[in-house]
Every structure is written in structure tokens, then in C-alpha cells.
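First comes the structure, then the notes that go with it.
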Amino acid sequence: MPRQINYYVRLALKNLARHRRRTLLTVLAVAVGLWAFIVMDSLLAGVDRDSGRNVIDLETSHVQVSAAGYFAHRDELPLDKTLAAGTADSKLIKMIRSDSRVSGVTSRIRFAAQLNNGTDEFPVVAVGLDPHRDPEVFTLTDYIVAGRKLQNGEYGASLGKKLAELMELKIGDSFTLVMRTAANTFQAIDLEVVGLVNSPHPMVNTGMVFLPLDVAANVLGLDGRVTEIDLRLGGEEAVDRVTKDLRSSLKSSGFNVDVSSWKDLSGSFLAISQGKRLYNGIFLGLVMVIAAVGIVNSVLLATIERTREIGTLKAIGMNEGDIVRLFLLESTGIGLLGGIVAVGLGIATNLYLVNVGIDLTSMIGDMEVGYPINGVIYGVWNWTTMVVAFLFGLAICPLVGWWPSRNAARKDPVEALRHA
Amino acid sequence: MKVLELTNVTKEYTQGKMQVPALRGVNLSVEAGEFLSFAGPSGSGKTTLLNLIGCLDRPTAGSIELAGRELAKLTPLELARVRRQEIGFIFQSFNLIPVLTAFENIEMPLVMLNRFTPAEIREKVMAALEEVGLAGLESRRPAELSGGQQQRVAIARALIKNPKFVLADEPTANLDSENGQAVLDLMARMNQKNGVTFIFSTHDPMVMGYARRLVRLKDGRIASDEEVDRHAKAN
Ligand SMILES: Nc1ncnc2c1ncn2[C@@H]1O[C@H](COP(=O)(O)OP(=O)(O)OP(=O)(O)O)[C@@H](O)[C@H]1O
Ligand SMILES: [Mg+2]
């Protein structure tokens, strides 16, 4: 059999070379489909990775500890479910720190507020943060583009650059933050803009105000209490384990708390990401339909052109199966070439996407895309995708080539030999 | 030894709603090593008869026994195996595979038999090329060969597997008389040398002259069946 295969492979290759242009076009159709899949997958993975990073670094941290029941109501930003963890020497924080996988711990108070600049009012999420401990967990201070960091006890605020532009605030300007306290009374404080933030997380830029934790606790009437404790871990892989371990260890130590991972906290963004994956799958299907039409067309034309050759091969002693295999080898050849071209192009494109990326702002402007990502999106190397695309091409081509091949093989040899 | 027996073979083609009779009761018995020609006007049934003998088609009625097998009892797969093992075809328009070289065309039946090593195949094919007078042209494609040369490649392809039968439907019709004679000389020589049974068809009197048995067909029936004494003719 191997000797036969050698011969038939040579025959298939020679037949493919017979109509170079047609073969090339079919190969290209297959290759473009697979290539698009590779590129889409790389970009989606890049967006996922960067979004995840942004969510962790600027929004949720790796793991969050909050009062029991807070997680279920977190969208309402309640102030009646708080933890006694205002300072680093609180028992709860010490307990958390004792886990060696935890590399940073900070506390925050998150609350709903209205930002008033004297003319307009805008709803924001306000965050009271500990200026010393916050950088252990969050990267907010890396993105201060004007002004300076917050300091303990000052009536100052950092806000997103976009938000500042919208509210026409500059460094040194003052605004009023209006909120309900823990006792559900209205409260207002004047804050001076001390820093502007331009981060890769759009939500931070457009809808958040940061102020010192002690000031926030004071005005909200939350003496020594916070809404959340945020944890950074040595490595992201440990998130699920640490979440689980803390849940049980804190509970057994008598702390009545919710422990949630960043994945739990950002469920909606993960859902979008899953949706995009599905979309990429459908997209792959569509492109492959086009490629399949190309293959069916190309095999069909070949079988018509070679009717008399099929008659001859049958006369020499080939049976239907032999002829089907002969044509299947040709479609497999197309799949193989298509796969090689696709992976080659995919690697070249990905080299660019990973290192340079696509600047979204230049394409769609400063628009919000409902995704925790901003600016440049990068590709990700994913060899599995390349292998999958390659194998998919290799499998799908003979699969769609099967029907016209079988049709060709069923031709009556007498009729086929009479064919001009 | 009898290698082929046709008993009351009829063949009708269906064309639209019409039944076209092509053979109307053919009886024929062929011994091993014969050099037999079907002759007759266009439409007399020569091609139809050769297709039936060559296991490419089945009769409407009657029986064909080929090399001891009743063909009607064979499945399509078994018929293909009979063609692969026992029968070599030579066609009017050569029917070489255009993308393959002379060597590759001739080697194909051996590859299909899957019994020989590449070295054995190479030796056989080179010997066959030599035999048909095409030594040195093994890497030419059909398009780079003359009609006569192509038909000699086809003869080599038909004979390479040592078949019991070689069937040739008007093998010289597309050749000029000089090349036609050369092809027939070659066929006659192979018949003498290997004892392969040759059955061919023609309506060319010159070609009929080569046959040692001439079966004339008319309207799907055998009109005459005679041994030709070539010596008598030559004298
Ligand atoms: N596929 C077919 N469908 C319908 N009728 C056919 C078919 N093949 C042959 N015939 C008819 O059968 C009869 C015998 O045809 P056949 O081809 O066997 O004759 P032939 O002796 O080979 O003729 P020629 O010398 O022209 O090749 C003719 O009347 C022909 O029209
Ligand atoms: Mg004919």
C-alpha cells in the first residue's frame, strides 16, 4: 500500500498542477478563511487578556473580601454591609496577610455619589483608598497623567481625565461630591482635584473619583470600616484556589464574609468574551462555507474535464473506491496547502499584532466599546489555534470534496470512455 | 484451451423511451492465444461487444464466461479486479493520462496490482519500453509523443501486467497507415511471443489482414467467422 500511496500522491499533485490558477484560487480561499480565524482568535485572546488585566489592576483586584451579603448587592454599592478593616492592623487583614500566596492587601470604600462642578451634576462611583497600601494591589498611580498622588487626610481627589474634561475641571479646581452616608442622610464635601488619571480601563477614566480612605470613612460615618478588602496574589493561576481557601479559613476563624475572585466580580465582561468566541466560531463556519464552495467547484470541474480519464482508469482496473481516493487526495492537497499558507500568513500577521498591535483609537476614535480596554489591542500567540486551523483545513477539504469525488467515481465507464 | 465463451449475448441500450438493440444473440468461443478481429460497418456492435468482454458493461441477456468465470455472477468490485488482473485495454485515441510520463503511464497497472517492488517495476517498465521501441523516451509526457508513439506506450501499458486478454477497439483508427502497421506488427509480435489473447476491432481492410481469425458483425449479429490462413494470403 505505501508504494501505491506514493504513486497516487504524485498523480494527485500533478493533477493539481494541471490548473495552477484554479488550484491557487481554491487554496487561497481556504487559506484566507483559516487565516482570518487565526487572526480573530489572536485578537480576541489579546482583548481578553488585556481586559482581564485591566479589571484586575484597576477595578476588582485578584480576590476581594467583603461583608457577608455584599457580593449579591454589589451593584447597589451598599454601605450597610461593611468590614472592620480600616487599618492594616485589623485582625481580618492580618489573617489574610498570613497566607503566603497573598502579596498585597488594601482596603477600599466604594460608594455612589454625584459630582457637582457648580453648574452640572454627574453620577460617579467614588472610591476611598488608602494612599500607602493601595499601590500594593492596584496600579492606579501608574496612570496619573497630571498632578500628584493622594495623601492621607487631605480633601483632595484623583479623577479620570475624561471625566475631568467632561466636567471642565483642572488640577487645583474644586468640586462638590454629594452622597448618602451609612446612616442614609445626605452629605456633601468639597474636594480639590489633585491628580488626573488616564488608564487603559475606560470605566476609571470616565466614571470614577478617588479620595483618601480616612476622609471617605469620616464623611460617610464609617469609622474604621470599609466595603472591601482587595488582594493581590503572587500569580494569577492561584486565584481560584486562594478564593476557596480563604472562604473556608476565614469562616472557620469566625469571620462572616464574602470572598470573590475577579472572575466572579466581572461576570458580565466574561460573558461578552464568551459571546465573541462563539461569534468567531460562526465566522469560521461562514468563511469555510465559501472555501467549501471553491473546493466543490474545483473538484466538480476536474471530474467533468477528466471524464474520459476516469473511464480509462476504470478500464485499467480501478474501482469506485480507488477513484474516490484519488480525488480525495487532491482535495486533501488543497487543504494541506491552504493550511500551510494560512499558518504562514497567520504567523506573519501575528508577529505584527503581538508586537505592534492595532490602535483602536485611530480606527474608531475615542469611542466606548463596552469593554474594559482602551487604545491598542494586541494579539496573543496561541499555537493551539494554529494547529486547530491547520487540522480543520486538512479535514474539511476532503470532507466537502467527498461528494463530487463519489459522483465522479460512479460514472459508467462505457459512457465515460465515449466522452469526447 | 477455451478462455472466452459468449452464449446468446444480447445488448439493448435505452435511449429515452426507446430500446436500441446493439447485439442480437451473439455466440462466440475463443481459445487462448488467438489473434482475433471484429470487423463490420459502423454501428454493427463492435465496441459494444468489446465492452462486454472487457467487463465494462453487462449484457441484457445471455452469458459470458471469461477465464472460467461467469461474469453475470460477479459484483462490480470483482469485475474491476478481473479488469485489473486479466485484461489490458488499448483505445482508439490512446487514452494515456496526460499528466503522467510514458514511464508512469506504463507503470500504473503494476502499481495497481501492488505486487512488485519499485525495482521490479522499474525493470519491467524499462524492458517494456525497449520492447515497444521507445527506449529513452520514458520521461516524455503524452503531449510530447507522436500518435504512433503514444499508442505504443498504450500497448506497453496494456501488456505490462501479463494479462490473459488484450482488448483493442480500433487501435489504428487515429494513426496513419505506416504507424498503424507498426502498431499491428507490434501487437502480432506480442501475441506470438507471450501467447496473450488479442481481440480487436476495425473496419479497415488492411487491419483485418493482420487478423488470424476474422469475425464479421452486421446489425448486432455474427455474419461470418473464419480462420485466416496468412500464408495462403501471402502466396
Ligand atoms: N450508449 C449508447 N446508447 C444508445 N445507443 C448506443 C450506445 N452505444 C451504442 N449504441 C448503439 O448501439 C449500436 C452499436 O454500437 P457500437 O458502438 O457497438 O457500434 P460499432 O460497431 O462500434 O460502431 P463504430 O464502428 O461506429 O464504432 C449502434 O446502433 C449505436 O448507435
Ligand atoms: Mg466502435
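Some notes on this structure:
- Residues of region B:115-130 satisfying the condition of being open to solvent by 60 Å² or more (accessible area, probe 1.4 Å) and either at pLDDT below 95 or out of contact with any Leu (no Cβ under 7 Å at 6 or more places or on another chain) (or both): B:ARG115, B:PRO118, B:ALA119, B:GLU120, B:ARG122, B:GLU123, B:MET126, B:GLU130
- Test set (1) under 27 Å from the mean Cα position of the chain (by Cα); (2) open to solvent by 50 Å² or more (accessible area, probe 1.4 Å) - A:VAL259 fails condition number: (2)
- Under the condition of being within 14 Å of another protein chain (Cβ to nearest Cβ) and either touching a Lys or Arg at 6+ places or on another chain (Cβ under 9 Å) or of a type in the set (S, T, N, Q) (or both), the residues counted in region A:392-411 number 2.
- Residues of region B:85-99 that turn out to be more than 8 Å from chain A (Cβ to nearest Cβ) and part of a helix (DSSP H, G or I), as a count: 1
- Residues in region B:105-136 that are in a loop (DSSP other than H, G, I, E, B) and within 11 Å of chain A (Cβ to nearest Cβ) were compared, and the one that is farthest from ligand 1 (Cβ to nearest atom) is B:THR117.
- Output for region A:237-256, where each listed residue is among the polar types (S, T, N, Q) and touching a strand residue (DSSP E or B) at 6+ places or on another chain (Cβ under 8 Å): A:THR243, A:ASN256
- Per the conditions (1) within 16 Å of ligand 1 (Cβ to nearest atom); (2) away from chain A (no Cβ under 14 Å); (3) outside any loop (DSSP other than H, G, I, E, B), the sole criterion not satisfied by B:VAL3 is (1).
The rows are residues; the columns are (1) at pLDDT 90 or above; (2) within 14 Å of chain B (Cβ to nearest Cβ).
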residue: A:PHE283; (1), (2): no, no
residue: A:LEU286; (1), (2): no, no
residue: A:GLY311; (1), (2): yes, yes
residue: A:ILE334; (1), (2): yes, no
residue: A:GLY339; (1), (2): yes, no
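- Cβ-Cβ distances below 8 Å connect no pair with a first residue in region B:24-45 that is within 21 Å of A:VAL414 (Cβ to Cβ) and away from ligand 2 (no atom under 16 Å from the Cβ), a second residue that is in a loop (DSSP other than H, G, I, E, B) and of a type in the set (S, T, N, Q), and a separation of six or more residues or different chains.
- Selected residue (criterion: surrounded by the fewest Cβ atoms within 10 Å (Cβ to Cβ)) from residues of region B:4-36 that are among the aliphatic types (A, V, I, L, M) and touching a Gly at 6+ places or on another chain (Cβ under 8 Å): B:ALA32
Okay, residues lined up against (1) more than 30 Å from B:VAL111 (Cβ to Cβ); (2) within 14 Å of chain B (Cβ to nearest Cβ); (3) buried (at least 22 other Cβ atoms within 10 Å of the Cβ); (4) out of contact with any Ser or Thr (no Cβ under 6 Å at 6 or more places or on another chain):
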site	(1), (2), (3), (4)
A:GLN4	no, yes, no, yes
A:LYS14	no, yes, no, yes
A:THR23	no, yes, no, yes
A:VAL27	no, no, yes, yes
A:ALA31	yes, no, yes, yes
A:PHE37	yes, no, yes, yes
A:LEU44	yes, no, no, yes
A:ARG53	yes, no, no, yes
A:ILE56	yes, no, yes, yes
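- Taking the listed residues B:ALA39, B:ALA102, B:ALA80, the one that is more than 23 Å from B:ARG221 (Cα to Cα), open to solvent by less than 10 Å² (accessible area, probe 1.4 Å) and away from every other protein chain (no Cβ under 13 Å) is B:ALA102, with no other qualifying.
- Residue-level check: of (1) assigned to a loop (DSSP other than H, G, I, E, B); (2) touching a residue at least 60 places away in the same chain (Cβ under 8 Å); (3) open to solvent by 10 Å² or more (accessible area, probe 1.4 Å), A:ALA238 misses just (1).
- Residues that are open to solvent by 30 Å² or more (accessible area, probe 1.4 Å), touching a residue at least 40 places away in the same chain (Cβ under 8 Å) and not in a helix (DSSP H, G or I) were ranked within region B:46-66; the one that is nearest to ligand 1 (Cβ to nearest atom) is B:ASP57.
- A:VAL296 vs. criteria free of Cβ contacts under 8 Å to residues at least 60 places away in the same chain, assigned by TED's automatic domain parsing to the domain that holds A:VAL47 and either in a helix (DSSP H, G or I) or buried (at least 20 other Cβ atoms within 10 Å of the Cβ) (or both): no
The values are calculated or read from the model by the stated rules, or taken from the named source; none is laboratory data. If you're wondering where the values come from, they're calculated on a predicted model, not measured in any experiment. Every residue, glycine among them, receives a Cβ derived from its backbone with ideal geometry; neighbour counts consider all protein chains shown. Protein only, heavy atoms only, side chains kept; ligands, DNA and RNA dropped before computing areas. Shrake-Rupley method; radii C 1.70, N 1.55, O 1.52, S 1.80 Å.
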